[in-house]
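What follows is a set of notes on a single structure, which appears directly below.
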Amino acid sequence: MLSREDFVFTIGYDGPAAVVDGQAKRRNGSLSTRELAERGLFRAAYSSAIYSKDTADLETVLEFYNKAAGTTYTPSSSLDRLFGVFPIEVKRAIVL
């Protein structure tokens with residue numbers, strides 16, 4: 001299982017390994033889901049909400065995203081496709 005920071009800043013996959021944006025991880029890895037959303041890092045905030053499995057985190061991300069984008073997404077929307085985040089089991093990370 002990846003750490004929260006590795007999962008949040010994963011930018012792709014190379015076979016069985018997650019490819020992680022090391023610079024973004026160092027700069028923003030300690031931020032909460034809410035703080036990521038407040039800074040407009042919606043993909044990272046959504047990843048953090050998925051990792052935490054907390055519906056309150058998901059609602060927070062949606063609130064900030066809908067306000068910024070002028071949309072009306074709900075938790076039942078296809079958000080995985082919107083943000084390009086799919087929870088999968090990966091055991092190794094490659095940090096770039």
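The values are calculated or read from the model by the stated rules, or taken from the named source; none is laboratory data. Every value quoted in this text rests on a predicted model; they were computed, and no experiment measured them. Every residue, glycine as well, gets a Cβ built from its backbone with ideal geometry; the counts of neighbours run over all protein chains shown. Just the protein is used for accessible areas: all its heavy atoms, side chains included, with ligands, DNA and RNA removed. Shrake-Rupley method; radii C 1.70, N 1.55, O 1.52, S 1.80 Å.
Structure notes:
- Within the stretch 33-53, restricting attention to residues that are touching a residue at least 12 places away in the same chain (Cβ under 8 Å) and open to solvent by 50 Å² or more (accessible area, probe 1.4 Å), the residue that is nearest to Ile88 (Cα to Cα) is Tyr51.
- Thr60 vs. criteria within 21 Å of Phe7 (Cβ to Cβ), within 15 Å of the chain's Cα centre (by Cα) and at pLDDT 95 or above: yes
- Restricting the stretch 67-76 to residues that are out of contact with any helix residue (DSSP H, G or I) (no Cβ under 8 Å at 6 or more places or on another chain) and open to solvent by less than 90 Å² (accessible area, probe 1.4 Å), the residue that is nearest to Thr10 (Cα to Cα): Ala69
- Candidate set: the stretch 4-29, residues that are assigned to a loop (DSSP other than H, G, I, E, B) and in contact (Cβ under 8 Å) with a residue 24 or more places away in the chain; chosen: the one most open to solvent (accessible area, probe 1.4 Å): Pro16
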